[in-house]
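These notes concern the structure reproduced below.
The values are calculated or read from the model by the stated rules, or taken from the named source; none is laboratory data. The structure presented is a predicted model; accordingly, all values stated were derived computationally and were not measured. Using ideal geometry, Cβ is built from the backbone for each residue, glycine included, and neighbour counts are taken over all protein chains shown.
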Amino acid sequence: MSASSAFNEEKGGSSSVGEPEYGHDPASGGIFSSDYKRHDDLKEMLDSNKDSLKLEAMKRIVAMIARGKNASDLFPAVVKNVACKNIEVKKLVYVYLVRYAEEQQDLALLSISTFQRGLKDPNQLIRASALRVLSSIRVTIIVPIMMLAIKEAASDMSPYVRKTAAHAIPKLYSLDPEQKDQLIEVIEKLLADKTTLVAGSVVMAFEEVCPERIDLIHKNYRKLCNLLIDVEEWGQVVIINMLTRYARTQFLNPNMNESLLEEGSDKTFYGSDEDEDEEEEEKEKKAEAPMAKRKPYVMDPDHRLLLRNTKPLLQSRNAAVVMAVAQLYFHLAPKVEVGVIAKALVRLLRSHSEVQYVVLQNVATMSIKRRGMFEPYLKSFYIRSTDPTQIKVLKLEVLTNLANETNISTILREFQTYIKSMDKDFVAATIQAIGRCATNIGEVRDTCLNGLVQLLSNRDELVVAESVVVIKKLLQMQPEKHSDIIKHMAKLTDNIQVPMARASILWLIGEYCEHVPKIAPDVLRKMAKSFTNEEDIVKLQIINLAAKLYLTNSKQTKLLTQYVLNLAKYDQNYDIRDRARFIRQLIVPTEKSGALSKYAKKLFLALKPAPVLESPFKDRDHFQLGSLSHLLNAKAGGYQELPDWPEAAPDPSVRNVEVPEWTKCSSREKRKEKRVEKPFYSDSEGESGPTESADSESDSASGSEMGSGLEESGSGSESEGSEEEDEKDKKKIKKDLKKPVKESESEQSSEEEERKHQRKSDQQKSDSESESDEESDSESSQSESDDSDSEADVKKKKKAAESKPPPKPVKKDTKKEKKEMSLLDLDDFEPAASPQVTPVNSFLSNSLVTDLEGLSLSDAVLSPANISPCSALKSYELLHRIRGEGLSVEYCFSRQPFSPDGNMVAVQMQFTNNATSEAKNLHMEDVKLQSGMRVKEFPEIELLPAGETATAVMGIDFCDSTQAANFQLCTHTRKFFVSIQPPVGELMRPVFLTENEFKKEQGQLMGMNEITEKLTLDAKCRNEHTIVQRVTTAANLSRVPCGSDKECRFAGRTVTSGSLVLATVATKEGGAAQLTVNCEKMVIGTMLVKDVLLALTQ
Amino acid sequence: MIHSLFLINASGDIFLEKHWKSVVSRSVCDYFFEAQERASEPENVPPVIPTPHHYLISVLRHRIYFVAVIQSEVPPLFVIEFLHRVVDTFQDYFGVCTEAAIKDNVVVVYELLEEMLDNGFPLATESNILKELIKPPTILRTMVNTITGSTNVGEQLPTGQLSVVPWRRTGVKYTNNEAYFDVVEEIDAIIDKSGSTITAEIQGVIDACVKLTGMPDLTLSFMNPRLLDDVSFHPCVRFKRWEAERILSFIPPDGNFRLLSYHVSSQNLVAIPVYVKHNITFREGSSQGRFDLTLGPKQTMGKAVEAVLVSSQLPRGVLNANLNASQGTYTFDPVTKMLTWDVGKINPQKLPSLKGSMNLQAGASKPDENPTINIQLKIQQMAISVSTVTRWPLGGAKCTKAPPHMTPETTPLAGYDSDEASLR
């Protein structure tokens, strides 16, 4: 009650405020009083209890708003209905509120609490709409409330609410730019979102708030690429435009070596353009093979991912999406691949004329750079009599750009038809186009000129005038041949009235007066007569003509010239007066005239370069195509420059997704299980990344699809997990089917322990299976549908077989690797794993590494016989089968002394050729090392037949650091960036010490050089035997005999510097233990402690 | 993105405005009116007009200008495409998109615009979602609403927005499950005066009307998909499946929608279904001209050529025309000099002709060009590109009732220019 009374008071207050405002409203003017009365009855209706009356009132108010009438004085009466039960009334109140809140800030605050309540509603749609309206109220005071609401909504369970939060970000930003930093945090969070619903909106927010923060995109780049096809159309446009800019900063110019292999590449690539996309992978291989030989440029797989995932969108029904993809290809694709966009752009020409207008502008720009692209579609640019003039002119522009020696005759024939059109602007443009064709193509210059001269006798003055202007330009190129034409044109001065044409003729006669010595003075005579009636530009040309004639033929024209100059002296236009004065000083010799008059002839009759007739669309491509700025040829507000390609590619590893992202996952245990399955998963998943949902839609029965969709909405982050589980289930089914085959086929190490892994994990998985089944109902239904739908599996398999390495699978692999190996998280594929990152990572991912270490060790428990270091060797992946196009390479630290150089660590590499063709000339190149490091390359493997395996040993002197050795692994066709990074334990070799020696050495390495760490031993590793085994697995140390069974001692020396490394594990009651490491090199010591600790605690 | 929208009618009145961000004064439209004055024809107003503080992007549909106000960089096609989508939605809702229809339904229009954009960024543009949010007005519903006071704003929440198939409503039920597909093909050809084709291309669309229960998953295959040079799809069609197998696989929206449009390029020879005999002459020195035009069918495979409409822009010098049509009616507009002849159906036995004389302005010289003739026509039940649908298996378990039957209906429409080029 108190609230309503407050309202009434407010109402009284505001209507008195409202009244004068209303009086100013020009729209109401005369019927002011009656209008005012009407408002009164509206207020009454709004105050009534009946919803129908309220609704009627609101409808009338909204109609007023729509007509642009001011309805702000009704604000209090309307606002109190914000909590009305009737949905339509409520919606209309929202409409009103958003429209007038800015003008009535204080009153608007009264509605806020309703929305705040709405934000807590259990229904996601109500939460979303509350946030939507709240954020649309442009009142500065509520900025903190909005900020809070956005932050909350950004972590809402429902992706729809998160989407709304993304929409709210630019609203808040425009209201209060001070909030930028906080908003960027929210954007960063939302960018990590994995649902298609959010992706478009958040990128939109990103573009409005912080387009310069390109670093936020790195981690999400691959995800965005893969989601793209399922994002709604409008989001696609925004994402594609943003990714274009991103790619320009992150990748190398694919056309950088264009000039080098212009002809060659064209031939090599020809096939690849025409073929269908299914075989794209194959083609790429073929196409890239020779390229690799010829030039060092290799396209970043991420760059390729973007191009591949955007291509199908060329078939979107939305012209904006097609245009966005077209500009992306134009700016980013290798020259030979750009051609694919032409067809789609030509298709857009059948759309509405506004669409045509924009598309033709862009085609005009493109056709200057890449003429060949549109040549096959020449006829599509022929002009129809029904086209609007602006479209006709643009089509002419494109036709002119496309003209070359071979097609010029057809184009000119078309032009001749156009000249007969009734649309005179279009005819003028056609004549100019003919002029441009004539200048560009020498062969037809004479034909064009003759044609244009014929036009001089046209009945339409405009046509004649335009022809004169163009002929003038053409004649300048070779005047001596065409004195006839000049004479002909001189005659025209009697008839033509268009100033520009008259001026052109006069200029021509003046310029070439030597070719027409008889006519020129006569023309001047006529002009002198009509001087006062001429337009300004004609007057200026008359003065010019007079001056030139005076200089060449002063005998005949002296008097005429003086007459003209005198007329000009008293002209109304100051330009003409100035010109006359200037010319008089220059040409008429007086005693005072300076040095300049000597050169007058040179000044006036200098040889003028012929004008270059060029397209107005030249050089417009420095604007991003498809943008407003490009269309206007001027920078629009908020336009983001398209950056130039970088000289050298920035570190591509920034796009690798870090592990911590995954720790968010609800159940760690489940996660682990999944990782075991990853290699298969990623093969198919990564390949079909973008199509994933589309595929599953088609493969699985639609019912389950819906189910998962709904479930997704119901449970925010969980949904992601369940999706993956579905995937996992599929994989499981498949795996069960082909288990025997799998081992041999597996691209991962086929070593004994690996197999145990699988088995073990299978077991564990089936345990967790039931658990996860309970968690999501949809999952089981999904798997059922999968069972029935065997087609789906077949397809998946097919895909897995033919798949190519998009970065995503590699990423996933990395995660999988984590399980098996401790430190090599970045080794996978980045050519330049930054040295700073790696060690940090190895520490940060601590907990995970611990997990993983445990797993691998438990394997060892299963095979206790193998204590020799060799058997415990872990192998790491150097090159994944998929990325290596069939070639997979693994390496392990063999712990054997490397005979050629004692300071080097021996790395044993195993090459497996899974491809169908043989690999030749395997060798390494282009080794990039930190200072001090050295590498002894492995001998070249000349031939590796398909399906075979070969081993080679290389030596690396890591200089006692865990920095990675980066190099290129080359086959006869391809180069792969790979890197090897050693775990610290491999940087030492065992030494044999006696107990006394050990104690002595240890005594010398005290203080700073000693690191002690307390730990609790893993339950499985409380006996001496296991401890020894675990320590020696983690580090290449040898056991030192020891009297006490409570202590285990180990010793080694670093490989390069030979510094002693001593480790002691002293066990106590109840699993407690103490680890002591003594080492001169503190960094090594610290890292070793961590590693050993990990090994022992799991 | 899009700041505001103004709707302007042919006489230059702003009859609706809507703002999504802070209010932009309607005086910004003055720049538009200036550009409109400069343009000779209504369709020649440039779609993008820069003003000192804003950019105006407009589309012209149904003689209404839809002018969007933009403040900063945005792809122009983005806005244009959206505006066309708005018009399509209005048409979908009100049957026609005229000034009167918009004024009558101003509240619905406002509600629609509110839902379609949020802060200038498109939110819900799928007609299925919108119809769930706001029910289209029908006469019956308007009556019921006025009596019962109920609303045409949907009571249920728009769950479609949350779904992975946002274009389809949930919980669709029909007692009769049907699906209709219309194949409409248009030929666009330019023919010179001797009758040889300069360019011809076929543009086709498949419009569908699907009324199926639940979540049907459909596949559609073509006999000769290679003919389709270039296609664009409704978002419901799975791209990958098309690329791999040339099969259309999709979960359709409910109701009417355009499934795909395709393009058959001019490389494949196109048979033009009619021919034109023409004789248009102006005699030098006299103020008389002769006009003689005969149409006849050609290669129509026995199908009737219907709804033939001939139009021609006569030279400016022509004052009026005294013609005699053997069939149909003709009109000549002396202001625009547009001659229109509504022929109707062509009877192969008795070819339609239009003969007579034209009066020229006294003293005016003979026009030096002959007019262009545009011909529009329709042929039912004939596909020019011969890309017939062959297979119609119904995927998905949900729809088990009677299989939908299909009525392919082909309506080629040829916009057909015959250029009378005397230079050739």
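Can you find a residue that is within 27 Å of residue A:322 (Cα to Cα) and facing chain A (nearest Cβ under 9 Å) anywhere in the range B:85-96? Looking for residues that are within 27 Å of residue A:322 (Cα to Cα) and facing chain A (nearest Cβ under 9 Å), one finds at least one in the range B:85-96, hence yes.
All conditions but one from (1) out of contact with any strand residue (DSSP E or B) (no Cβ under 6 Å at 6 or more places or on another chain); (2) surrounded by 19 or more Cβ atoms within 10 Å (Cβ to Cβ); (3) outside any helix (DSSP H, G or I) apply to residue B:57; the one that does not is (1). One residue stands out in the range B:282-306 among those that are modelled with pLDDT under 80, assigned to a strand (DSSP E or B) and surrounded by fewer than 18 Cβ atoms within 10 Å (Cβ to Cβ): the one that is farthest from the other protein chains (Cβ to nearest Cβ), namely B:306. Screening residue B:51 on (1) more than 7 Å from chain A (Cβ to nearest Cβ); (2) at negative phi; (3) touching a residue at least 24 places away in the same chain (Cβ under 8 Å) shows it passes everything except condition (3). Checking the stated criteria, residue A:175 turns out not to satisfy the condition of being more than 11 Å from chain B (Cβ to nearest Cβ) and hydrophobic (A, V, I, L, M, F, W, C). The range A:593-675 holds helices (runs of 4 or more DSSP H) entirely within its bounds, and those carrying 2 or more residues that are away from chain B (no Cβ under 14 Å) and modelled with pLDDT of 75 or more map to A:600-604. Residues in the range A:1012-1064 that are assigned to a loop (DSSP other than H, G, I, E, B) and either in contact (Cβ under 8 Å) with a residue 60 or more places away in the chain or acidic (Asp, Glu) (or both): A:1017, A:1018, A:1020, A:1021, A:1036, A:1045, A:1055, A:1056, A:1057, A:1059. Of the residues in the range B:222-229, at least one is facing another protein chain (nearest Cβ under 10 Å) and under 22 Å from residue A:350 (Cα atoms). Remark: pairs (first residue in the range B:254-281, closer than 24 Å to residue B:308 by Cβ and part of a strand (DSSP E or B); second residue at pLDDT below 85 and of a type in the set (Phe, Trp, Tyr); Cβ separation under 9 Å; 6+ apart in sequence or on different chains) = B:274/B:416; B:276/B:416; B:278/B:291; B:279/B:291; B:280/B:291; B:281/B:291.
Condition first: facing chain A (nearest Cβ under 9 Å) and either farther than 20 Å from residue A:388 by Cβ or part of a helix (DSSP H, G or I) (or both). Can you find one or more residues in the range B:60-71 that meet it? Yes - at least one qualifying residue is present in the range B:60-71. For residue B:349, the test of being in a loop (DSSP other than H, G, I, E, B) and modelled with pLDDT of 75 or more is passed. Once the range A:880-932 is narrowed to residues that are over 30 Å from residue A:1057 (Cβ atoms), touching a residue at least 60 places away in the same chain (Cβ under 8 Å) and assigned to a strand (DSSP E or B), the residue that is farthest from the chain's Cα centre (by Cα) is A:912. Mind listing whichever residues of the range A:229-243 are away from chain B (no Cβ under 11 Å) and surrounded by 24 or more Cβ atoms within 10 Å (Cβ to Cβ)? Across the range A:229-243, the qualifying residue is only A:239. Meeting the requirement of 2 or more residues that are within 7 Å of another protein chain (Cβ to nearest Cβ) and among the hydrophobic types (A, V, I, L, M, F, W, C), the helices (runs of 4 or more DSSP H) wholly within the range A:303-370 are A:319-332, A:353-369. If we scan the range A:165-181, do we find a residue that is under 16 Å from the mean Cα position of the chain (by Cα) and either within 29 Å of residue A:114 (Cβ to Cβ) or among the basic types (Lys, Arg) (or both)? No, the conditions are met nowhere in the range A:165-181. Only a single criterion out of (1) in a helix (DSSP H, G or I); (2) under 25 Å from residue B:24 (Cα atoms) is not satisfied by residue A:127, namely (2). Exactly one residue out of A:91, A:80 is farther than 23 Å from residue B:115 by Cβ and surrounded by 19 or more Cβ atoms within 10 Å (Cβ to Cβ), and it is A:80. Is at least one residue of the range A:16-37 touching a Ser or Thr at 6+ places or on another chain (Cβ under 8 Å) and either modelled with pLDDT of 80 or more or under 30 Å from residue A:168 (Cβ atoms) (or both)? Checked against the condition, which is being touching a Ser or Thr at 6+ places or on another chain (Cβ under 8 Å) and either modelled with pLDDT of 80 or more or under 30 Å from residue A:168 (Cβ atoms) (or both), the range A:16-37 yields at least one hit. Suppose the filter is on the phi < 0 side of the Ramachandran plot and assigned to a helix (DSSP H, G or I); does residue A:516 pass it? In short, no. Could you tell me which of the residues B:106, B:87 is among the β-branched types (Val, Ile, Thr) and more than 20 Å from the chain's Cα centre (by Cα)? When all the criteria are applied, what remains is B:106. Would you be able to say whether some residue in the range A:990-1011 is closer than 21 Å to residue A:1041 by Cβ, touching a Lys or Arg at 6+ places or on another chain (Cβ under 6 Å) and not in a helix (DSSP H, G or I)? Yes, the conditions are met somewhere in the range A:990-1011. Taking the numbered list (1) crowded, with 23+ Cβ neighbours inside 10 Å; (2) out of contact with any Cys (no Cβ under 9 Å at 6 or more places or on another chain); (3) within 30 Å of residue A:497 (Cα to Cα); (4) modelled with pLDDT of 85 or more in turn, residue A:391 passes all entries but (1). The number of residues in the range B:212-227 that are of a type outside the set (Asp, Glu) and in contact with a Phe, Trp or Tyr (Cβ under 9 Å, 6 or more places away or on another chain) comes to 8. Scoring residue A:304 on the criteria (1) modelled with pLDDT of 85 or more; (2) surrounded by fewer than 16 Cβ atoms within 10 Å (Cβ to Cβ); (3) among the basic types (Lys, Arg) leaves a single failure, condition (2).
Could you look through the range B:1-25, keep only residues that are loosely packed, with under 15 Cβ neighbours inside 10 Å and within 12 Å of chain A (Cβ to nearest Cβ), and pick out the one that is farthest from residue B:122 (Cα to Cα)? Taking the candidates together, the pick is B:13.
Here is a yes/no grid of residues against (1) within 10 Å of another protein chain (Cβ to nearest Cβ); (2) surrounded by fewer than 16 Cβ atoms within 10 Å (Cβ to Cβ); (3) modelled with pLDDT of 75 or more:
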residue	(1), (2), (3)
B:139	no, yes, no
B:143	no, yes, no
B:169	no, no, no
B:174	no, yes, yes
B:180	no, no, yes
B:191	no, no, yes
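State the number of residues belonging to the range B:30-51 that are part of a loop (DSSP other than H, G, I, E, B) and of a type in the set (Gly, Ala, Ser). Result for the range B:30-51: 2.
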